[in-house]
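Presented below is the structure to which this report refers.
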Amino acid sequence: MTSKNAELELGLAEILADSGFEAPAVMVSGVASTGATRRTVFIDIESGGSQQRAVAQISSAANVAVLPISATAEAALINLMAEAGVPVPCVLGSDDAHDAVGGSVLIAEHVDGVTIPRHVLRAVEANSPVGEHLARQCGTALAKLHSAAIDRVPDSVPRVVEPNFFSAYVPTIVQALDHLQHSQPTFRFAAAWLEQNQPISSCEPSLVHGDFRNGNIIVDRDGLAALLDWELAHVGDPMEDLAYLCMRTWRFGNHHRPVGGFGSIESLRDGYTEAGGEWRDDAFQWWMVARTAWWGIGLAFQAETFTAGISSSIVHAASGRRVVELEYDLLAML
Amino acid sequence: MIDRPAAPELLEAMADTLSDVVMPACEGGPQHAARVVASLCRLLAREAADDGNGSALTTVELEEVLGEQGDLESLVTQLDQRLSGAKPDLSPAILELLRRSVERRLTIAKPDYL
């Protein structure tokens, strides 16, 4: 793999040298995943006589333009989270446009544990109190995340400009529906319901992870080891994160455990409120509907990339037949 | 004359082969792709064996609720429009129509989700 990745390895070493590593040498040891906008590779770093395992997330130059936030902004956010006490991997380097790498890159330390949802569920399945412990840890981590000073959040991170999170969100759902090629009456119904049933409660805006779910966390024998994938972070309503984590689609078949398929809402809420978070039940229920609609529309878009010939991914094709699951979840809540 | 095995039987056999033979022989991305394809084969087997109840909505049902006539596609578009704009129709009749459609489609797409 060394010769094939020689240019990438040299590029990553340059970025690490800029971050203070002493004469670093990098070797790509494997590919972790290849997502829609970026690929993740495992790397070994040799520097100053010691070795370190790390992870590099790379977006091609073509994809950099569609990333919601830049790699350096994501790195700054992760550093801010570390200061706030949120479990995150230590950032080792980042660059928004590196020629040898072929785009932007974020390099972070490797954290031991499992990330694949069915592996996470298998790890906690044998002993249900472990799942409750994990749900509580998720609540605690989110409370710390949401308490971070938003004046230190990079300017490029999206912010809700309307005073009302809810009235600002509904048009994004409607606009997405307008851009779909085929009619989606269930999601239209949900959008109208969201417009008419906005919560009464309100709160100050805070940093929101935006994709906090089973699949974007690293779990080890002690529970929550790290939160991953901050590219959908924004400033908005903190209850959005708590609801998103509890959507049925992220339970991976363990429907009786609403928090990621491994824990109860009581444990999540206890962890959140004991760490200083304010739980607003009306907003929680509203965001459950809103984010379920958002993800269902997202699956429909994935399917359209396949039917339009933009993507040949079988996963994108299969997404079209998963849309109905999200419709079912929505109607169960309306 | 009908050649056997029929489509549902073949699709089930393809799904079992992917699950029992291909998936254990690979890992990571290829294993995930095999799992997705096996799942799609089972979905298509159910669809091929379906007697038509799996279709989303029938023209008759839509005409009854909307009070309009047309082909299936134009009626679904009308339903979409009825739910859009400043005064969307969130009546129990429309909600019930959507529920029936979703439950039927899930019977094909993922029956254990119900």
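The values are calculated or read from the model by the stated rules, or taken from the named source; none is laboratory data. Computed from a prediction, not measured in an experiment: that's the story for all the values here. Ideal geometry is used to build each Cβ from the backbone, glycine not excepted, and the neighbour counts take in all protein chains shown.
Against the definition (surrounded by 22 or more Cβ atoms within 10 Å (Cβ to Cβ) and under 22 Å from A:LYS144 (Cα atoms)), how does A:GLY277 come out, yes or no? Don't jump to the end; show me each part of the working.
On the way: surrounded by 22 or more Cβ atoms within 10 Å (Cβ to Cβ): yes; under 22 Å from A:LYS144 (Cα atoms): yes.
Answer is yes for this residue.
Identify, please: which residue in the range A:35-64 is basic (Lys, Arg) and out of contact with any Gly (no Cβ under 9 Å at 6 or more places or on another chain) and is, among those, nearest to A:HIS316 (Cα to Cα)?
We begin by selecting, within the range A:35-64, every residue basic (Lys, Arg); these are A:38-39, A:53.
Still in the list and also out of contact with any Gly (no Cβ under 9 Å at 6 or more places or on another chain): A:39, A:53.
Details: A:ARG39: 17, A:ARG53: 32 Å.
Only one residue fits best here, namely A:ARG39.
If you take the residues in the range B:56-76 that are part of a loop (DSSP other than H, G, I, E, B) and of a type outside the set (S, T, N, Q), which one is surrounded by the fewest Cβ atoms within 10 Å (Cβ to Cβ)? Steps first, please.
To start, the set of residues in the range B:56-76 that are part of a loop (DSSP other than H, G, I, E, B) comprises B:56-58, B:67-71.
Cutting the leftovers down to of a type outside the set (S, T, N, Q) gives us B:56-57, B:67-68, B:70-71.
Values: B:ALA56: 17, B:LEU57: 20, B:GLY67: 8, B:GLU68: 12, B:GLY70: 14, B:ASP71: 10.
Of everything passing the filter in the range B:56-76, B:GLY67 is surrounded by the fewest Cβ atoms within 10 Å (Cβ to Cβ).
Could you check how many residues of the range A:103-129 are touching a strand residue (DSSP E or B) at 6+ places or on another chain (Cβ under 7 Å) and part of a helix (DSSP H, G or I)? Before you say what the answer is, go through the steps one by one.
So in the range A:103-129, the residues touching a strand residue (DSSP E or B) at 6+ places or on another chain (Cβ under 7 Å) come out as A:103-115, A:120, A:123.
With part of a helix (DSSP H, G or I) added as a condition, the list becomes A:120, A:123.
Of the residues in the range A:103-129, 2 are touching a strand residue (DSSP E or B) at 6+ places or on another chain (Cβ under 7 Å) and part of a helix (DSSP H, G or I).
Considering each of A:VAL111, A:VAL88, A:VAL55 in turn, give the residue that is in contact with a helix residue (DSSP H, G or I) (Cβ under 6 Å, 6 or more places away or on another chain) and of a type outside the set (Asp, Glu). Working first, answer last.
Details: A:VAL111 fails: in contact with a helix residue (DSSP H, G or I) (Cβ under 6 Å, 6 or more places away or on another chain); A:VAL55 fails: in contact with a helix residue (DSSP H, G or I) (Cβ under 6 Å, 6 or more places away or on another chain).
The conditions single out A:VAL88.
Considering only residues of the range A:311-328 that are assigned to a helix (DSSP H, G or I) and more than 9 Å from chain B (Cβ to nearest Cβ), which is surrounded by the most Cβ atoms within 10 Å (Cβ to Cβ)?
The first filter runs over the range A:311-328 and keeps only residues assigned to a helix (DSSP H, G or I), leaving A:314-319, A:323-328.
Filter again for more than 9 Å from chain B (Cβ to nearest Cβ), leaving A:316, A:319, A:326.
Details: A:HIS316: 19, A:SER319: 22, A:LEU326: 26.
By that ranking, first place goes to A:LEU326.
If I ask for residues that are within 12 Å of chain B (Cβ to nearest Cβ) and either within 20 Å of B:ALA34 (Cα to Cα) or out of contact with any helix residue (DSSP H, G or I) (no Cβ under 8 Å at 6 or more places or on another chain) (or both), which ones from the range A:290-305 would you list?
Going residue by residue through the range A:290-305, those that are within 12 Å of chain B (Cβ to nearest Cβ) are A:296, A:299.
Matches in the range A:290-305: A:LEU299 only.
How many residues are more than 16 Å from the chain's Cα centre (by Cα) and outside any loop (DSSP other than H, G, I, E, B) when one looks only at the range B:77-114? Reasoning before the result, please.
Taking the range B:77-114 and keeping what is more than 16 Å from the chain's Cα centre (by Cα), we get B:77-96.
Filter again for outside any loop (DSSP other than H, G, I, E, B), leaving B:77-82, B:92-96.
Residues that pass the stated criteria total 11.
Would you mind telling me which numbered condition in (1) modelled with pLDDT of 90 or more; (2) more than 10 Å from chain A (Cβ to nearest Cβ); (3) out of contact with any helix residue (DSSP H, G or I) (no Cβ under 7 Å at 6 or more places or on another chain); (4) not in a helix (DSSP H, G or I) B:ASP51 fails?
Single failed check for B:ASP51: (1).
How many of the residues in the range B:95-109 are farther than 14 Å from A:ALA332 by Cβ and at the interface with another protein chain (Cβ under 7 Å from one of its Cβ atoms)?
2
Can you tell me which condition B:SER39 does not meet? The list is (1) over 14 Å from A:PHE189 (Cβ atoms); (2) within 11 Å of chain A (Cβ to nearest Cβ); (3) surrounded by fewer than 16 Cβ atoms within 10 Å (Cβ to Cβ), and all the others hold.
All conditions pass for B:SER39, except number (3).
Quick one: which residue in A:ASP241, A:ASP229, A:ASP211, A:ASP222 is under 23 Å from A:GLY253 (Cβ atoms), without any contact (Cβ under 8 Å) to a residue 24 or more places away in the chain and among the charged types (D, E, K, R)? Can you show your working first?
Working: A:ASP241 fails: without any contact (Cβ under 8 Å) to a residue 24 or more places away in the chain; A:ASP211 fails: without any contact (Cβ under 8 Å) to a residue 24 or more places away in the chain; A:ASP222 fails: under 23 Å from A:GLY253 (Cβ atoms).
Being under 23 Å from A:GLY253 (Cβ atoms), without any contact (Cβ under 8 Å) to a residue 24 or more places away in the chain and among the charged types (D, E, K, R) holds for just one of A:ASP241, A:ASP229, A:ASP211, A:ASP222, which is A:ASP229.
Checking B:LEU18 against (1) surrounded by 18 or more Cβ atoms within 10 Å (Cβ to Cβ); (2) within 11 Å of chain A (Cβ to nearest Cβ); (3) hydrophobic (A, V, I, L, M, F, W, C), only one condition comes out false. Which one?
(2)
May I ask you to verify whether A:TRP230 is of a type outside the set (A, V, I, L, M), at pLDDT below 95 and either crowded, with 20+ Cβ neighbours inside 10 Å or closer than 30 Å to B:ARG105 by Cα (or both)? Working first, answer last.
On the way: of a type outside the set (A, V, I, L, M): yes; at pLDDT below 95: yes; either crowded, with 20+ Cβ neighbours inside 10 Å or closer than 30 Å to B:ARG105 by Cα (or both): yes.
Judged against the criteria, A:TRP230 is a match.
Hey, A:GLY261 hits all of (1) of a type outside the set (A, V, I, L, M, F, W, C); (2) buried (at least 20 other Cβ atoms within 10 Å of the Cβ); (3) out of contact with any Lys or Arg (no Cβ under 6 Å at 6 or more places or on another chain); (4) within 15 Å of A:CYS138 (Cβ to Cβ) but one; which does it fall short on?
(3)
Whether any residue in the range A:280-300 is part of a loop (DSSP other than H, G, I, E, B) and of a type outside the set (Val, Ile, Thr) is what I want to check. Spell out the reasoning first.
Taking the range A:280-300 as the starting set, the residues that turn out to be part of a loop (DSSP other than H, G, I, E, B) are A:280.
Narrowing the set further to residues that are of a type outside the set (Val, Ile, Thr) leaves A:280.
The answer is yes, given that some residue of the range A:280-300 is part of a loop (DSSP other than H, G, I, E, B) and of a type outside the set (Val, Ile, Thr).
Quick one: would you say B:VAL37 is touching a Leu at 6+ places or on another chain (Cβ under 9 Å), of a type in the set (Val, Ile, Thr) and closer than 30 Å to A:VAL170 by Cβ? Spell out how you get there, then give the answer.
Details: touching a Leu at 6+ places or on another chain (Cβ under 9 Å): yes; of a type in the set (Val, Ile, Thr): yes; closer than 30 Å to A:VAL170 by Cβ: no.
No.
Give A:ALA283, A:ALA308 a once-over and let me know the one that is buried (at least 20 other Cβ atoms within 10 Å of the Cβ) and either more than 19 Å from A:GLY253 (Cβ to Cβ) or within 13 Å of chain B (Cβ to nearest Cβ) (or both). Before the answer, list the steps.
Working: A:ALA308 fails: buried (at least 20 other Cβ atoms within 10 Å of the Cβ).
Result: A:ALA283 is the single residue among A:ALA283, A:ALA308 that is buried (at least 20 other Cβ atoms within 10 Å of the Cβ) and either more than 19 Å from A:GLY253 (Cβ to Cβ) or within 13 Å of chain B (Cβ to nearest Cβ) (or both).
Which condition number does B:ALA25 fail, the rest of (1) under 24 Å from A:VAL315 (Cβ atoms); (2) surrounded by 13 or more Cβ atoms within 10 Å (Cβ to Cβ) being met?
(2)
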